[in-house]
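These notes concern the structure reproduced below.
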Amino acid sequence: MGRRGEMSGMPGGTTALVLDWIEKLGVDTIVQIHAHNVLGWSGVPAGMVQHRSFEDGNCLDMEAIFGKLKEIGFEGPIILEILETTPEKIIESSVRAKNTICEIMGR
């Protein structure tokens with residue numbers, strides 16, 4: 001979630017785990033958010049195929065995660081890392097993700 005330390009090297013997580021990290025780290029510790037969804041943590045090759053669009057992934061509840069970030073007052077940078085098959089699809093997915101984040105966080 002934008003901080004090295006206890007969370008680095010984790011093989012994957014759930015929405016509940018991410019929400020717990022946000023709560024424990026808090027707004028004074030979280031520097032940035034690296035955002036993407038995943039298709040599934042088990043059996044994911046190391047080639048970053050887990051970096052999916054918000055709507056394409058099935059592991060994380062992005063509305064809950066960004067709602068929690070809003071709740072703690074996070075206003076820092078959000079970096080999207082979404083892989084698609086063409087540059088046009090990357091732009092479309094990124095714009096949808098940005099709009100989703102802005103809607104949830106009231107930005």
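Using the number of other C-beta atoms within 10 angstrom as an exposure proxy, rank Thr86, Thr100 with the fewest first.
Details: Thr86 8, Thr100 17.
Result, fewest neighbours first: Thr86, Thr100.
First select every other residue whose beta carbon is under 13 angstrom from the beta carbon of Glu71; then total the charges, Lys and Arg +1, Asp and Glu -1.
-1
Laboratory data are not the source of any read-out in this text; all were calculated from the coordinates shown. Keep in mind the model is a prediction, meaning the values are calculated, not measured. Cβ sites come from the backbone with ideal geometry, for glycine too, and all protein chains shown count toward neighbours.
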